Amino acid sequence: MPRAFTRPSPVPQRFRPLWWLAISYLVITFATRVVLLVMSGAEVPHTAFNLAYAFGVGLFYDVVTFIYVAWPLVLFLWIVPTRSGRVAPLLRWLAYAMAMALACTLCLVALHLHYHAGLKETWPALLPFLFVLPLAAFTYTSRAGQRVLYGFALLLIYGLLFVAASELVFWNEFSVRFNFIAVDYLVYTTEVIGNIRESYPIGLWVSLLAVLALLVLAVGHRALRVRDDGSRFWQRGKVVLLWLVLTVISVAAVNGSMKDRTGNNYVNELAGNGIYQFFNAFRSSHLDYAKFYRTLPDDDAFRRVREMLKTPDSSYVSSDLHDLTRAIRRSGPEKRLNVVLISVESLSGDYLGTFGNPQKITPYLDSLVDHSLFFDKLYANGTRTVRGLEALSLSVPPTPGDSLLKAHDNENLFSLADIFNDRGYQSDFVYGGYGEFDNMNQFFGSNGYRTVDRRDIPKGATIHGENVWGVADEDLYTLALGQMDQIHAAGKPFFLHIMTTSNHRPFTFPAGRVKQANGTREGAVAYTDWSIGDFIRRAREKSYFDDTVFVITADHCASSAGKTSVPINRYHIPLWIYSPKHIPPQRVDRLMGQVDIAPTVLGLLNFSYRTRFFGYDLFQLEAGRERAFPATYEKLGYLHDDVLTVLEPQRKLEQMKPDYATGDATPIEPQDPQQIADAVAYYQVASDLFKRGQLGRRPADSTPVEPLPVAASALPASPGSAPAPASSAPATASSAGSAPATMR
């Protein structure tokens, strides 16, 4: 027989390094899963089912992920020529480079024609070209080829170890595999890398990973010895074609939610793969609600939402079913009071002594409860700052994927600032870091706010502390007070939205403020409490203090981890509305969503105005109609009447009775179709309105609304709430380690 049919194929020799990479990768992922299991502690009962599920399903995801991870090595083993041919090496490489450049150009042109995208959006397509460009410049079986293979293998194994170490850090912070947060972090590398450098001994860790990678290479170097008895490019191409088929099948048949089959979210997360989950989140960054979630007929959804948004003080200005514009009419004149809204970074409700925390790390805020309108049952929209800012400024349920802060075409939306600006207010968004992070400056600057950030701190001003996220909270409040002074001096009322940063890892703050240790979460919370007390004390010295309303809340909780997909205890945040001269103290024990804060504040100011907000003025809402929208980037929650409905991609859903203390939940059977329809309607309508540009501000939104022709009434009492005593003053800021701040 011809020699070609008797001789063993050299192709398996060429692709032998793939086995080395596969074994090394699976060992790393197995070890990572073991460490994450240990870190989970008692959250994952070590039953046979849980362990089998986590490691069995986890192995499946690891193998699927390996198909993607191995592509660089597959391309390397395919393209690098076996040995020199008849054509001079330089000429051969130049011809190859021209062919690759032509292919890359055609790819960019196709992307431009199909998506109308410029190089700014399509530049990642250049990366594969830059990777394969040098691969034809040497031969596989040469000494140079062996060295390049060793170096490439070392780079791959170091990258896998680095990702594994990053997963451990990410799990320690969020108790989940890589998700949409990790995608966001990849975008804002300056803050994220700076945060990591300030929080961890990164130099030591990187060095240890390098040593470990060298050890792995030393152990497996024999499997990486180059061997090829004469494979041809077309022969190796069969392996690449097979790899491409496997890739296409895995993309079509596997998704990140397939693992979510147990009632314990920790087990589901352990069964995943961090690399796979990262790219799954990246693909989900722009989820089209109508394509991925349950829907109702459009008219039915809008009709249902119009009915749910109707309150005694509102009336629709149009009979158009798809127009949510309402006129809010209140009794008597408006109160042109200044408003300072502070969204505190990661201020979970369970940090407060008021809610049972025994650590006494929030003495000032605890004392402020008895002198404020305080809300016991407020729940955040999400687990990220952008979700809190979105809820507070736009009063909309969270849309799946990206927050509206980072979405395309998010300019000129109907915002809280617009309502104030129509009344002659100056509206500022004040941030202690650089507002490019999370697209804050672009969003707020395009939606009625003047943006003020770290760059606006006067030169020569004293900075008591700073880290990569921004200046210390006390310095942020100094900046805010400067803005308030300027606006007041110009004879205008002001609305300030202040976003703090000190209660964020690495948890650094100026020395001597609190007794808790610097660099700890407890210390950061205590400092947050101290700095708010110090801010109120300094504001009290201003002539405009008596006519200012201070609204203090959180952007989200400090942790989002839980056994359920939406652990409700990880969304519980506090809210104080403090204005001693104008708002009587009262403790409100009613469910409230973060979207309700803006309308409730406007109601306290007695504003009559047009709105398309999804939130309620809680004091104009009949008992029993309260609801909240706790959500992740793809799991959309609707909390009403002690039932939590969660909408998920692939048109799946869960419905459960939540435990507000632990975050656990009990599935409800049979499910309540009315609540499901309400949840679907809210999210479907909100997403549809943004998609069609109907959340934007319209000229008619400034139309004055005539107040009701009756005398202004006192603040309505909230059902189930008890007025707090107003006689005693809250603790001074000195009780939290500051100078005295006695309340009037």
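So here's what we get for this one:
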{"quantity": "The range 587-674 - percent relative contact order, Cα under 8 Å, separation 6 or more", "calculated": "17"}
{"quantity": "Overall form of the range 332-462 per C-alpha gyration tensor (a/c, 1.5; a/b vs b/c)", "calculated": "rounded"}
{"quantity": "Taking all pairs of distinct alpha-carbon atoms in the range 442-549, Kirkwood radius in angstrom", "calculated": "15.0"}
{"quantity": "Bins of 10 Å from zero: percent of alpha-carbon pairs in the range 527-644", "calculated": "11, 36, 33, 17, 3"}
{"quantity": "Burial ranking of peptide ranges 691-703, 364-376 (average Cβ count within 10 Å, highest at the top)", "calculated": "364-376, 691-703"}
{"quantity": "Segment Ile668-Val248, length gained on full extension (0.36 nm per residue, minus Cα span)", "calculated": "147.4 nm"}
{"quantity": "Mean separation of Cα contacts under 8 Å, 6 or more apart, over the residue count of the range 371-528: relative contact order %", "calculated": "18"}
{"quantity": "Asp229 accessible area, 1.4 Å probe, all protein chains in place, Å² to nearest 10", "calculated": "90"}
{"quantity": "Sparsely packed trypsin sites (Lys or Arg not before Pro) within the range 191-282, loop by DSSP, other Cβ within 10 Å at most 16", "calculated": "Arg225, Arg227, Arg232, Arg261"}
{"quantity": "Accessible area of the chain belonging to carbon and sulfur atoms, whole % at 1.4 Å probe", "calculated": "62"}
{"quantity": "Ranked by how many other beta carbons lie within 10 Å on average, peptides 101-108, 410-417 from highest", "calculated": "410-417, 101-108"}
{"quantity": "Angle in degrees between helix 298-309 and the longest Cα principal axis of the chain, rounded to the nearest 10", "calculated": "40"}
{"quantity": "Using θ = phi - 60° and Karplus 6.51 cos²θ - 1.76 cosθ + 1.60, couplings along the range 612-623 (whole Hz; Gly, Pro as x)", "calculated": "10, 4, 8, x, 10, 6, 4, 7, 10, 9, 5, 4"}
{"quantity": "Residue-normalised accessible area of the chain, expressed per residue, 1.4 Å probe, Å²", "calculated": "42"}
{"quantity": "Rounded to 10°, Cα long-axis angle of helix 143-174 versus longest principal axis of the chain", "calculated": "20"}
{"quantity": "HN-Hα J in Hz across the range 656-668 - Karplus 6.51, -1.76, 1.60, θ = phi - 60°, x for Gly and Pro", "calculated": "8, 9, x, 9, 5, 7, 9, x, 5, 8, 10, x, 9"}
{"quantity": "Amide H contacts under 5 Å for Gln586, placed H, 5+ residues apart", "calculated": "Ser372, Leu373, Phe374, Ala724"}
{"quantity": "In the range 15-117, trypsin sites (Lys or Arg not before Pro) in a DSSP loop with at most 15 other beta-carbon atoms within 10 Å", "calculated": "Arg83, Arg86"}
{"quantity": "Peptides ranked, highest mean first, by Cβ atoms within 10 Å: ranges 211-220, 11-20, 144-153, 263-272", "calculated": "263-272, 11-20, 144-153, 211-220"}
{"quantity": "Relative compactness, the chain, computed as alpha-carbon Rg over 2.2 N^0.38 Å", "calculated": "1.08"}
{"quantity": "Computed E for Glu622/Arg692 - FRET, C-beta separation, R0 35 angstrom, nearest 0.05", "calculated": "0.70"}
{"quantity": "Linear extension gain, Leu133 paired with Leu214, 0.36 nm per residue minus alpha-carbon span", "calculated": "26.5 nm"}
{"quantity": "Computed FRET value (nearest 0.05) for Leu126 with Ala461, which takes r as the C-beta separation and R₀ as 35 Å", "calculated": "0.20"}
{"quantity": "Percentage relative contact order, the chain, counting C-alpha pairs under 8 Å, at least six apart", "calculated": "18"}
{"quantity": "Paramagnetic label zone (point 7 Å from Cα along Cα-to-C-beta, Leu168; backbone N under 18 Å) in the range 508-542", "calculated": "none"}
{"quantity": "Vicinal HN-Hα couplings computed from phi for the range 560-572 (Karplus, 6.51 cos²θ - 1.76 cosθ + 1.60; Hz; Gly/Pro x)", "calculated": "10, 7, x, 6, 9, 5, 10, x, 5, 5, 8, 10, 7"}
{"quantity": "Tilt relative to the chain, helix 16-40 - C-alpha long axis, 0 to 90 degrees, to 10", "calculated": "30"}
{"quantity": "Of the GluC sites (Glu not before Pro) in the range 518-625, those whose Cβ has at most 15 other Cβ within 10 Å and which sit in DSSP loop", "calculated": "Glu541, Glu622"}
{"quantity": "Cα centroid separation, the range 376-448 to the range 634-660 (Å)", "calculated": "25"}
{"quantity": "Whole-Å semi-axes of the range 439-496's equivalent ellipsoid (Cα gyration tensor)", "calculated": "21, 17, 8"}
{"quantity": "For the chain, calculated [θ]222 nm from helices alone, where every DSSP H run of n ≥ 4 adds -39500 (n - 2.57)", "calculated": "-13500 deg cm²/dmol"}
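The values are calculated or read from the model by the stated rules, or taken from the named source; none is laboratory data. If you're wondering where the values come from, they're calculated on a predicted model, not measured in any experiment. Note that each Cβ is placed from the backbone with ideal geometry, even for glycine, and that neighbours are counted across all protein chains shown. When the accessible area is computed, the model is the full protein with side chains, heavy atoms only, and any ligands, DNA or RNA have been set aside. Shrake-Rupley method; radii C 1.70, N 1.55, O 1.52, S 1.80 Å.
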